[in-house]
Amino acid sequence: MDQLVTGTDSFGYLDPKLDLRDADLEDGQDWTGWHAIEKDLWPAEAETSFEPYSAEKGAALTQQLITTPLPCTRRCRV
């Protein structure tokens, strides 16, 4: 995971989509990425105000992670 984060820092649009932490959210900003999913996977370790995501929200977060296009930094095959 840490290697992926190092790469996402180089591409501004990827870092907030994949690695944003809830403490860094701005008003009205959607929370996506690994940390949002982690919180839902381990709700007992989350703050007491956290409500687990619906199945639809969990599926949407997962879909967003697997479909976020990664930039091609080397020769890409199309």
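The values are calculated or read from the model by the stated rules, or taken from the named source; none is laboratory data. Everything quoted here is computed from the prediction, not taken from an experiment. Cβ: placed from backbone, ideal geometry, glycine included. Neighbour counts: every protein chain shown. Note: accessible area is taken over every heavy atom of the protein model, side chains too, but ligands, DNA and RNA are not part of it. Shrake-Rupley method; radii C 1.70, N 1.55, O 1.52, S 1.80 Å.
Taking the Cβ of Glu51 as the center, what net charge do the other residues with Cβ under 12 Å away carry, scoring Lys and Arg +1 and Asp and Glu -1? Mind dumping the intermediate values first?
Details: positive: Lys39, Lys57; negative: Asp40, Glu47.
Local net charge: 0.
Placing a label point 7 Å from the Cα of Glu38 along the Cα-to-Cβ line, the residues of region 45-69 whose backbone N sits under 15 Å from it are 45-47. Label-to-label distance for Glu45 and Gln64 is 2.1 nm, based on points extended 7 Å past Cα in the beta-carbon direction.
Ordering Ser54, Ser49 by accessible area with a probe of 1.4 Å, largest first, what comes out? Don't jump to the answer; show the numbers that get you there.
Working: Ser54 60, Ser49 90 Å².
Largest accessible area first, the list is Ser49, Ser54.
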